[in-house]
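Working notes for the structure below.
The values are calculated or read from the model by the stated rules, or taken from the named source; none is laboratory data. Being a predicted model, the structure only gives us computed values, none of them experimental. When we count neighbours, we look across all protein chains shown, and the Cβ atoms used for this are built from the backbone with ideal geometry, even at glycine.
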Amino acid sequence: MWIAFAWVHDIAAFSPILIIESADSGEGKTAASKAIALLTPRSHIIVEPTGPAFYRFIDRVHPTLIIDDADRFTAASA
């Protein structure tokens, strides 16, 4: 359902966030991210989004962002 929403995102007022979690590494989170990237529009898998270039990229491309290892990203910003 989230993948279908990604295709009609421009007409929505709010966007759900898809979070894939696992207690252990090697459980297929990266594989799931790659599969989702194949099914969503303008998808880009990123690992460590930082700085003004990241925001300019979003403004220019309007991508479906897939942040791999987002727990590292959110822990660093907290």
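Points worth noting:
- Test for ILE58: is it outside any strand (DSSP E or B), at pLDDT 80 or above, surrounded by fewer than 11 Cβ atoms within 10 Å (Cβ to Cβ) and not small (Gly, Ala, Ser): no
- All conditions but one from (1) assigned to a loop (DSSP other than H, G, I, E, B); (2) in contact with a strand residue (DSSP E or B) (Cβ under 7 Å, 6 or more places away or on another chain); (3) modelled with pLDDT of 80 or more apply to ALA6; the one that does not is (1).
- Selected residue (criterion: surrounded by the most Cβ atoms within 10 Å (Cβ to Cβ)) from residues of the range 18-42 that are among the small types (Gly, Ala, Ser) and not in a loop (DSSP other than H, G, I, E, B): SER33
- For the criterion of being farther than 18 Å from TRP7 by Cβ, modelled with pLDDT under 80 and part of a helix (DSSP H, G or I), ASP71 passes.
- Scope the range 22-42; condition touching a residue at least 24 places away in the same chain (Cβ under 8 Å) and of a type outside the set (Lys, Arg); matching residues: THR30, SER33, ILE36, ALA37, LEU39, THR40, PRO41
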